[in-house]
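Peer 1: Can you keep this structure in mind? I'll have questions shortly.
The values are calculated or read from the model by the stated rules, or taken from the named source; none is laboratory data. The model shown is predicted, which means the values in this text are computed figures rather than measured ones. With ideal geometry, Cβ positions are generated from the backbone for all residues, glycine too; neighbour counts draw on all protein chains shown.
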Amino acid sequence: MAAAAVHSEPQPVIEVSGLVTHYGEREILHGIDLSIYKGEIMVIMGGSGSGKTTLLRHMLGLEKATSGSIKLLGRELTSMSELELYDLSKKMGVAFQGGALFSSMTVGENVMLPLIEHTKLDRGTMEIMMRMKLEIVNLAGFEHLAPAELSGGMIKRAAFARAVVMDPAVLFADEPSAGLDPVVSRSLDELIKDLRDALGMTVVVVTHELESAFAIADRITMLDRGNILTVGTVEEVRSSENERVQHLLNRCFEEEVLDADAYLARLFGESPRD
Amino acid sequence: MADSGETDPAPLRALEGIGRGTVRGLDSLGFGASLIWDALGWLLLGPRRGQPVRPQPVFAEMMEIGVRAIPIVSMLSATIGIMLAIQGIYQLKRFGAESQVVIGVAFGMTREFAPLITGILVAGRSGSALAARLGTMTINQEIDALRVMGINPVRFLVVPSLLAMLVMLPALVIWADLVSLVAAGFYITADLGMTLGAYVNQTLDLLGTGDVLHGLEKSVIFAALITVVGIVDGASVEGGAEGVGRVTTNAVVHGITAIVLTDMLFAFATTRG
């Protein structure tokens, strides 16, 4: 998708303004401002401890922010009641890092669960929709298997099928290619693009995998220690003159080498050994 | 480290530990109480909120908690019934009152041992399973997945388990009453040369509805305790597989402790006056 086309859309699907959050005494996000537009694939990148997963959890309504605003599909998430949030959840799909499939259910039952819970469709219709979504993620015929019988890549595909079964307006994916070999990882990248093209949804992907991010992103948001370093298209990020951006790109977000005290200080604000 | 002029920090650390433990315990109690309140809310208002409690998971839990526990409950309650009969006859023989063993067995089993042993068994079997399931689901982000799918975890996971436990534990206690009294009856009639009909008549004459209800009332409290302890412990999981193991063990220890303490308090409160 061309970046110009993306920017021509006036109303963002997700709008984060001045988001600040703390874990205990420690400030994790220091005032994040970010807009994500309809139909784009936004990749949020950053190394370990950059705050990308925290930002994602806030966009999903799983964490309460200290201050700031998050608007999802025009509705303010931070002041929403639990029931309002459940209602809004029907319009978003999430593929978690480990798949988060329910081990007590088959793959088909996992994919059908949102339909069972939120629609009054008859069982036959739900099964047809489930099979269609499994076919989109290349898992046709796998509906009777248990999640434990699937490979890592298949689990993630099944998680995507469950995430899109309600045809959500926004799809979130947390580290979709983490722990997968390059071939499977590339096929998941293709799947994300195919899902966006086929279902016309907005996609937010959190990852630390550069290759994957560059392959799928319309725009990239780069986070570093709770701040946004840069937001732009792949080319804009690649050619950024910001030293920190280039430093992170060249190190491919490898974890910084910290000694134990520095690590604890970063985690708790100060080293408990002090 | 403290120099010689300062107070030894060890007692202070112990005091701090006790304080932290107390706060954690109160926190868990509050969480447990809010869970029961939430569960009741979803049970009653679920349909209005567009999330009714579905019967299938309740029946599935009832199968797991109740029906699949029948063999072990039968075996242990029969064994305890016979043991009570053996001990009773042995002790009462000294006073030439061995025929009075029926009193001890009938009251002992219905008022005390059947609910207690069934509660302990279900805590070990189903309370631990509940904690392990909740712990694993938390670690695997399945609880988060439920939330982002717009499915309330209390309605989806807690209410079916609580309902199933509240129905099946008293049902198992009734079964344990029957099995233990029948097993004890076979032993007593064989040992004392009494007819089975006489044993049954004597037992029925002795036992009132209140005695059976005493055991059943306790079992309802035990059911709520086992479920809440299993869920509170399961939800407190930290770390990976090791964390799940820890919360599972905690659920058994906490569940059995809660049952035994409640049993004593219940017995004390209901036998006054």
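Peer 1: If you check A:Leu60, A:Leu55, A:Leu121, which single one turns out to be surrounded by 17 or more Cβ atoms within 10 Å (Cβ to Cβ) and closer than 24 Å to B:Arg155 by Cβ?
Peer 2: A:Leu60
Peer 1: Right, next: Name, by its number, the condition in (1) closer than 9 Å to A:Ala95 by Cβ; (2) free of Cβ contacts under 8 Å to residues at least 12 places away in the same chain; (3) of a type in the set (A, V, I, L, M, F, W, C) that does not hold for A:Val183.
Peer 2: A:Val183 satisfies every listed condition except (1).
Peer 1: Just to confirm my filter: which helices (runs of 4 or more DSSP H) fall fully inside segment B:34-148 and include at least 1 residues that are farther than 30 Å from A:Phe172 by Cα?
Peer 2: Per the criteria, B:55-65, B:70-92, B:101-107, B:114-122, B:128-139.
Peer 1: Evaluate the following for B:Ala145: is it crowded, with 22+ Cβ neighbours inside 10 Å and within 14 Å of another protein chain (Cβ to nearest Cβ)?
Peer 2: yes
Peer 1: Being within 22 Å of B:Asp38 (Cα to Cα) and either of a type outside the set (Ser, Thr, Tyr) or modelled with pLDDT of 95 or more (or both) narrows it down to one residue among B:Pro153, B:Pro170, B:Pro115, B:Pro71; which is it?
Peer 2: Sole residue among the options that is within 22 Å of B:Asp38 (Cα to Cα) and either of a type outside the set (Ser, Thr, Tyr) or modelled with pLDDT of 95 or more (or both): B:Pro153.
Peer 1: I'm told B:Val158 meets every condition in (1) within 14 Å of another protein chain (Cβ to nearest Cβ); (2) within 27 Å of A:Glu63 (Cβ to Cβ) except one. Can you identify the failing condition by its number?
Peer 2: Unmet for B:Val158, out of (1) within 14 Å of another protein chain (Cβ to nearest Cβ); (2) within 27 Å of A:Glu63 (Cβ to Cβ): (1).
Peer 1: Looking at B:Gln87, B:Gln56, B:Gln51, B:Gln91 in this structure, which one is crowded, with 18+ Cβ neighbours inside 10 Å and polar (S, T, N, Q)?
Peer 2: Among B:Gln87, B:Gln56, B:Gln51, B:Gln91, only B:Gln51 is crowded, with 18+ Cβ neighbours inside 10 Å and polar (S, T, N, Q).
Peer 1: Please name all residue pairs, on different chains or six or more residues apart, with Cβ atoms under 9 Å, provided the first residue is in segment B:37-57 and is more than 10 Å from chain A (Cβ to nearest Cβ) and within 14 Å of B:Asn152 (Cα to Cα) and the second residue is outside any helix (DSSP H, G or I) and β-branched (Val, Ile, Thr).
Peer 2: Here the result reads B:Trp42/B:Val53; B:Leu43/B:Val53; B:Gly46/B:Val53; B:Pro47/B:Val53, each pair linking segment B:37-57 to a residue that is outside any helix (DSSP H, G or I) and β-branched (Val, Ile, Thr).
Peer 1: So how many residues does segment A:197-231 have that are free of Cβ contacts under 8 Å to residues at least 24 places away in the same chain and either in contact with a Gly (Cβ under 7 Å, 6 or more places away or on another chain) or within 19 Å of A:Glu15 (Cβ to Cβ) (or both)?
Peer 2: 1
Peer 1: If you don't mind, there's one more thing I want to ask. Restricting to segment A:16-55, name every residue that is over 21 Å from A:Ile216 (Cβ atoms) and charged (D, E, K, R).
Peer 2: The answer is A:Glu25, A:Arg26, A:Glu27, A:Asp33.
Peer 1: Does B:Gly32 satisfy being of a type in the set (Gly, Ala, Ser), buried (at least 16 other Cβ atoms within 10 Å of the Cβ), modelled with pLDDT under 90 and touching a helix residue (DSSP H, G or I) at 6+ places or on another chain (Cβ under 8 Å)?
Peer 2: Working: of a type in the set (Gly, Ala, Ser): yes; buried (at least 16 other Cβ atoms within 10 Å of the Cβ): yes; modelled with pLDDT under 90: yes; touching a helix residue (DSSP H, G or I) at 6+ places or on another chain (Cβ under 8 Å): yes.
So B:Gly32 passes the test.
Peer 1: Let me ask you something else. Name the residue, out of A:Val204, A:Val170, that is within 14 Å of chain B (Cβ to nearest Cβ), farther than 25 Å from B:Ile139 by Cβ and hydrophobic (A, V, I, L, M, F, W, C).
Peer 2: Exactly one of A:Val204, A:Val170 is within 14 Å of chain B (Cβ to nearest Cβ), farther than 25 Å from B:Ile139 by Cβ and hydrophobic (A, V, I, L, M, F, W, C), namely A:Val170.
Peer 1: Considering every residue within segment A:147-156, establish whether at least one is within 12 Å of chain B (Cβ to nearest Cβ), closer than 25 Å to B:Arg133 by Cβ and among the hydroxyl-bearing types (Ser, Thr, Tyr).
Peer 2: Scanning segment A:147-156 turns up no residue that is within 12 Å of chain B (Cβ to nearest Cβ), closer than 25 Å to B:Arg133 by Cβ and among the hydroxyl-bearing types (Ser, Thr, Tyr).
Peer 1: Being at pLDDT 95 or above, part of a helix (DSSP H, G or I) and buried (at least 22 other Cβ atoms within 10 Å of the Cβ) narrows it down to one residue among B:Ile226, B:Ile231; which is it? Give the derivation first.
Peer 2: Details: B:Ile231 fails: at pLDDT 95 or above.
So the residue among B:Ile226, B:Ile231 that is at pLDDT 95 or above, part of a helix (DSSP H, G or I) and buried (at least 22 other Cβ atoms within 10 Å of the Cβ) is B:Ile226.
Peer 1: What are the residue pairs meeting all of these: first residue in segment B:1-16, first residue modelled with pLDDT of 50 or more, second residue not polar (S, T, N, Q), Cβ atoms under 9 Å, and 6 or more apart or on different chains?
Peer 2: Within 9 Å, the pairs are B:Asp8/B:Ala2; B:Pro9/B:Met1; B:Pro9/B:Ala2.
Peer 1: Can we say A:Val43 is within 14 Å of chain B (Cβ to nearest Cβ), touching a strand residue (DSSP E or B) at 6+ places or on another chain (Cβ under 9 Å), modelled with pLDDT of 90 or more and buried (at least 17 other Cβ atoms within 10 Å of the Cβ)?
Peer 2: No; evaluated as a whole, the condition is false for this residue.
Peer 1: Hey, among A:Glu149, A:Glu209, A:Glu143, A:Glu190, which residue is of a type in the set (Asp, Glu) and surrounded by 21 or more Cβ atoms within 10 Å (Cβ to Cβ)?
Peer 2: Working: A:Glu149 fails: surrounded by 21 or more Cβ atoms within 10 Å (Cβ to Cβ); A:Glu143 fails: surrounded by 21 or more Cβ atoms within 10 Å (Cβ to Cβ); A:Glu190 fails: surrounded by 21 or more Cβ atoms within 10 Å (Cβ to Cβ).
Sole residue among the options that is of a type in the set (Asp, Glu) and surrounded by 21 or more Cβ atoms within 10 Å (Cβ to Cβ): A:Glu209.
Peer 1: Only residues in segment B:110-136 that are away from chain A (no Cβ under 14 Å) and within 11 Å of B:Val244 (Cβ to Cβ) count as the first member; pair them with residues that are among the charged types (D, E, K, R) and surrounded by 24 or more Cβ atoms within 10 Å (Cβ to Cβ), Cβ under 7 angstrom, at least 6 apart or cross-chain, and list the lot.
Peer 2: B:Ala131/B:Asp233
Peer 1: If you don't mind, there's one more thing I want to ask. Quick check on B:Val158: is it within 30 Å of A:Lys91 (Cα to Cα), surrounded by 20 or more Cβ atoms within 10 Å (Cβ to Cβ), touching a Leu at 6+ places or on another chain (Cβ under 7 Å) and modelled with pLDDT under 95? Don't jump to the end; show me each part of the working.
Peer 2: Numbers: within 30 Å of A:Lys91 (Cα to Cα): yes; surrounded by 20 or more Cβ atoms within 10 Å (Cβ to Cβ): yes; touching a Leu at 6+ places or on another chain (Cβ under 7 Å): yes; modelled with pLDDT under 95: yes.
Answer is yes for this residue.
Peer 1: Something else about it: Checking A:Met130 against (1) hydrophobic (A, V, I, L, M, F, W, C); (2) touching a strand residue (DSSP E or B) at 6+ places or on another chain (Cβ under 6 Å); (3) at pLDDT 95 or above, which single condition isn't satisfied?
Peer 2: Failed condition: (2).
Each row is one residue, and each column tells you yes or no for (1) touching a residue at least 40 places away in the same chain (Cβ under 8 Å); (2) among the polar types (S, T, N, Q).
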| residue | (1), (2) |
| --- | --- |
| B:Ala184 | yes, no |
| B:Leu204 | no, no |
| B:Gly208 | no, no |
| B:Gly215 | yes, no |
| B:Ser236 | yes, yes |
| B:Thr257 | no, yes |
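Peer 1: Looking at A:Lys90 and the list (1) over 16 Å from A:Pro114 (Cβ atoms); (2) at the interface with chain B (Cβ under 9 Å from one of its Cβ atoms), which single condition is not satisfied?
Peer 2: (1)
Peer 1: Residue under question is A:Glu117, and the condition is that it be without any contact (Cβ under 8 Å) to a residue 24 or more places away in the chain, under 28 Å from B:Ile139 (Cα atoms) and not polar (S, T, N, Q); does it hold?
Peer 2: yes
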